[in-house]
Amino acid sequence: MGCGGSRNILLTVQQEHSRQIDISIAKERKIKKLKFLLLGDSGSGKTTLFKQMRILHKDGFCLSERMDFKAVIIENLLQYTEIILQNMAVLNIAFDDQTTKEYADKYLTNANAFQNILDFRLELKCLYNSGGFQACMKRGQEYCLGDGAQYLFRSFDRIASPDYVPTDQDILCARVTTSGVTELNFDFKGKILCMVDVGGQTSERRKWIHCFDNVTAVIFVTAMNFYFQIDDLTRKSKLLQSLALFRSLCRNKYLSKSAFVLFLNKIDVFQILIKRKTLQCCFPEYKGDNSFSDSSQYICNQFITAGRRTDDVYCHLTKAIDTENFDRIFNSTMAILLNQNLEITGLL
Ligand SMILES: Nc1nc2c(ncn2[C@@H]2O[C@H](COP(=O)(O)OP(=O)(O)OP(=O)(O)O)[C@@H](O)[C@H]2O)c(=O)[nH]1
Ligand SMILES: [Mg+2]
């Protein structure tokens, strides 16, 4: 065989080698994880969204996890009961009669005794159904009562039954403050998504920076009812604090290539609250009316302006405890991100 023949063989081998490299790069791109980071203040709803991804895109919750949530739900109920009873005194709300007052005194002097709610079903139900307790619960936003409280009290009969197993909805309304970083990997339309949940409390934020590499998109979550709430420690508006946090994240150099998605969460709570108190308590310069659309648009604009990013910030109004609502919003968020951003970052 002549020289030309061996050169041809060499060429074919090189071409084949290059083709193999192309295939492996393409494969790598395909299996490259898209990392989504849930950030936002404590109580905004990050873990609730994280739970929704498990329900919608993974296997949901097994029986042993549900039984763990049962303990959390009962603990939540008892804590909320204590908070409401304490705030009845603060807000000057009277007990309906001597019986409810006696139950409340008994509860407040020894809340631990009520741990086995099955033994105190009648007393607790009597308290929960009383006018004073209900009136105080309805004013829960004034003293930052957990947003899952009303749902759990409404479900008391079910929760206090001997064979109670929490439903997905119960789990979505249960509250555990996150500490540490949790990841969830799942397949979404042929792509592998890695969702990362972190704790929002100030003490947890020093852990955030360790998650900032290769972030495809930050999902920043804020609760719209924060406009009405004051932080216990700083005595500042929770929504203004959230806005400042968002502003600093948008300018963080490690996140400069990441897309930003904004979830204005808890629209159900906001819808009720905004009828009672206009946005002016948080934004004195606000001139609009107290309609849901004007007020939510104003909040959205505040965040978009604060973000001041060259790329768009995609803003969505969400109700994280509603699986159907979340499914729709997450699908449309992903459609936008996959079409627009990933092309730029070379992931498509
Ligand atoms: N009514 C209502 N409650 C919500 C909504 N989203 C979340 N919640 C409730 O708000 C509470 C706090 O939500 P989490 O998801 O635990 O908040 P988080 O942002 O993870 O808080 P940290 O872990 O402390 O950072 C839970 O009891 C949720 O059930 C919503 O859209 N509407
Ligand atoms: Mg959390």
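Tell me the net charge near Arg66. Cut-off is 13 Å between Cβ atoms, Arg66 excluded, with +1 for each Lys or Arg and -1 for each Asp or Glu. If you can, show how the numbers build up before the last one.
Numbers: positive: Lys51, Arg54, Lys70; negative: Asp59, Glu65, Asp68, Asp163, Asp168, Asp170.
Result for the neighbourhood of Arg66: -3.
Percent antiparallel among DSSP beta bridges with both residues in the chain, to the nearest 5? Display every interim value, and only then the final one.
Values: 9 of 30 bridges.
Percentage antiparallel, nearest 5: 30.
Which residues in the stretch 49-89 place their backbone N less than 19 Å from a point set 7 Å from the Cα of Thr323 along the Cα-to-Cβ direction?
Counting backbone N atoms under 19 Å from the label point, the list is 49-70, 73.
Taking amide H atoms as placed 1.01 Å from N in the peptide plane, list the residues 5 or more away in sequence, or in a different chain, whose amide H sits under 5 Å from that of Cys315.
Under 5 Å from the amide H of Cys315 lie the amide H atoms of Leu262, each far enough along the sequence or on another chain.
Take the alpha carbon atoms of the chain, find their radius of gyration, then divide it by 2.2 N^0.38 Å using N residues; give the quotient.
Details: Rg = 25.4 Å, N = 348, 2.2 N^0.38 = 20.3 Å.
Ratio of Cα Rg to 2.2 N^0.38 Å: 1.25.
Considering just Cα atoms, how many Å³ per residue does the convex hull of the stretch 215-348 enclose?
Values: hull volume 16.0 nm³, N = 134.
Enclosed volume per residue, from the Cα hull, is 120 Å³.
Go through the stretch 194-199 residue by residue and turn each phi into a ³J(HN,Hα) via Karplus (6.51, -1.76, 1.60, θ = phi - 60°); whole Hz please, and just put x for glycine and proline.
Residue by residue, the stretch 194-199 yields 10, 9, 10, 10, 10, x Hz.
For a 32 Å ceiling on Cα separation, which of these pairs sit above it: Lys51/Lys287; Lys70/Lys277; Lys191/Lys275; Lys257/Lys319; Lys207/Lys275?
Numbers: Lys51/Lys287 38 Å; Lys70/Lys277 35 Å; Lys191/Lys275 42 Å; Lys257/Lys319 28 Å; Lys207/Lys275 38 Å.
Among Lys51/Lys287; Lys70/Lys277; Lys191/Lys275; Lys257/Lys319; Lys207/Lys275, the Cα-Cα distance tops 32 Å for Lys51/Lys287; Lys70/Lys277; Lys191/Lys275; Lys207/Lys275.
Helix hunt in the chain: which complete DSSP H runs extend at least 27 Å axially by C-alpha with mean Kyte-Doolittle at least -1.0? Each step should come with its number before you reach the end.
Values: long enough: 3-31 (42 Å, -0.49); 63-90 (40 Å, 0.45).
Passing helices, by number: 3-31, 63-90.
Which value, in Å³ per residue, describes the convex hull spanned by the Cα atoms of the stretch 187-252?
Taking the convex hull of the Cα positions in the stretch 187-252, it is 111 Å³ per residue.
Given just the C-alpha atoms of the stretch 63-173, how large is their convex hull per residue in cubic angstrom?
Values: hull volume 10.1 nm³, N = 111.
Roughly 91 Å³ of hull volume per residue.
Taking the Kirkwood radius as the inverse of the mean 1/r across Cα pairs, report the Rg/Rh of the stretch 147-213.
Values: Rg = 16.7 Å, Rh = 14.9 Å.
So for the stretch 147-213, dividing Rg by the Kirkwood Rh gives 1.12.
No value in this document is a laboratory result; all are computed from the given coordinates. From a predicted model like this one, the values you see are computed outputs, not experimental measurements. All Cβ positions, glycine included, derive from the backbone under ideal geometry; neighbour counts span all protein chains shown.
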